[in-house]
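For reference, the structure discussed in these notes is given below.
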Amino acid sequence: TKVKRSTDGLDSLPQDAKLILKKIKSWKEKGGKIACAFGKVVCDSGVPFDGGPIHKNMKEWINHTIKSVEGSNTLLLIKPHPHELKEEIACYLNEYFFDLIDNIDELPENVILLGHKWFDIHVLGEFLDFGLIYNGTTSVELGVLGIPSVLCSHFAPIDYPVGHIVPESEDHYK
């Protein structure tokens, strides 16, 4: 969990990340909840079909997640996958995780888009109340860190059966 996938090569956090970290700490100190939706490289879903128990695809999942926290006491961080910027891994992408977000310029105040190189999981883990994962190894990392998570794609609990919650309905997800 201490691998620097996002901040590899950086000596310190970028200034924008420091400001967001201050906001995260302040939100937590005031009793708010902190959740993080972990992005996936959009074209890198090696599964027979997309979707999950309540969302038809990743786009529907992330947009429903944003709507679900609007006006709540939950600060939703949305973290893009660090491999989106690594051409040696992701090749040359023509679609990024943030491209899936509708009305990206009009997000609720309690939703923050994180930079690719801002935080590694173990740094965020200090503040997270729970994680939201469509599918990916992040579910294992959060499990090791003891952070409860919700697995949202059909194959996530099959690929990573580590005891996280799987939503049964829209209301259960909210």
Being part of a loop (DSSP other than H, G, I, E, B), basic (Lys, Arg) and under 22 Å from residue 128 (Cβ atoms) narrows it down to one residue among 40, 28, 22; which is it?
40
Return only the number of the condition from (1) closer than 27 Å to residue 94 by Cα; (2) part of a loop (DSSP other than H, G, I, E, B); (3) in contact (Cβ under 8 Å) with a residue 24 or more places away in the chain that residue 62 does not satisfy.
(2)
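Can you confirm whether the stretch 50-57 contains a residue that is closer than 27 Å to residue 158 by Cβ and either among the aliphatic types (A, V, I, L, M) or assigned to a helix (DSSP H, G or I) (or both)? Full working, then the answer.
Step one: filter the stretch 50-57 for residues closer than 27 Å to residue 158 by Cβ, giving 50-57.
When the remaining residues are screened for being either among the aliphatic types (A, V, I, L, M) or assigned to a helix (DSSP H, G or I) (or both), the result is 54.
Scanning the stretch 50-57, I find at least one residue that is closer than 27 Å to residue 158 by Cβ and either among the aliphatic types (A, V, I, L, M) or assigned to a helix (DSSP H, G or I) (or both), so the answer is yes.
How many of the residues making up the stretch 75-98 are over 14 Å from the mean Cα position of the chain (by Cα) and among the charged types (D, E, K, R)? Walk me through it before giving the result.
From the stretch 75-98, those over 14 Å from the mean Cα position of the chain (by Cα) are 85-95; that's our starting set.
If we keep only those that are among the charged types (D, E, K, R) too, we end up with 86-88, 95.
Looking only at that region, the number is 4.
Can you tell me which residues in the stretch 122-158 are small (Gly, Ala, Ser) and either crowded, with 16+ Cβ neighbours inside 10 Å or touching a residue at least 24 places away in the same chain (Cβ under 8 Å) (or both)? Before the answer, list the steps.
Narrowing the stretch 122-158 to residues small (Gly, Ala, Ser): 125, 131, 136, 139, 143, 146, 149, 153, 156.
125, 131, 136, 139, 143, 149, 153, 156 - these are the residues of the stretch 122-158 that are small (Gly, Ala, Ser) and either crowded, with 16+ Cβ neighbours inside 10 Å or touching a residue at least 24 places away in the same chain (Cβ under 8 Å) (or both).
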Looking at (1) within 17 Å of the chain's Cα centre (by Cα); (2) open to solvent by less than 10 Å² (accessible area, probe 1.4 Å), which is the one condition that is false for residue 32?
(1)
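The rows are residues; the columns are (1) more than 28 Å from residue 10 (Cα to Cα); (2) touching a strand residue (DSSP E or B) at 6+ places or on another chain (Cβ under 8 Å).
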| site | (1), (2) |
| --- | --- |
| 68 | yes, no |
| 107 | yes, yes |
| 110 | no, yes |
| 116 | no, no |
| 125 | no, no |
| 146 | no, no |
| 160 | yes, yes |
| 165 | yes, yes |
| 172 | yes, no |
So residue 60 clears everything in (1) of a type in the set (Asp, Glu); (2) within 16 Å of residue 115 (Cβ to Cβ); (3) open to solvent by 40 Å² or more (accessible area, probe 1.4 Å) except one condition, right? Which one?
(2)
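The values are calculated or read from the model by the stated rules, or taken from the named source; none is laboratory data. Everything numeric in this text was worked out from a predicted model, so none of it was measured. Reconstructed Cβ throughout: ideal geometry from the backbone, glycine too, with neighbour counts over all protein chains shown. What goes into the accessible areas is simple: the full protein's heavy atoms, side chains included, and nothing from ligands, DNA or RNA. Shrake-Rupley method; radii C 1.70, N 1.55, O 1.52, S 1.80 Å.
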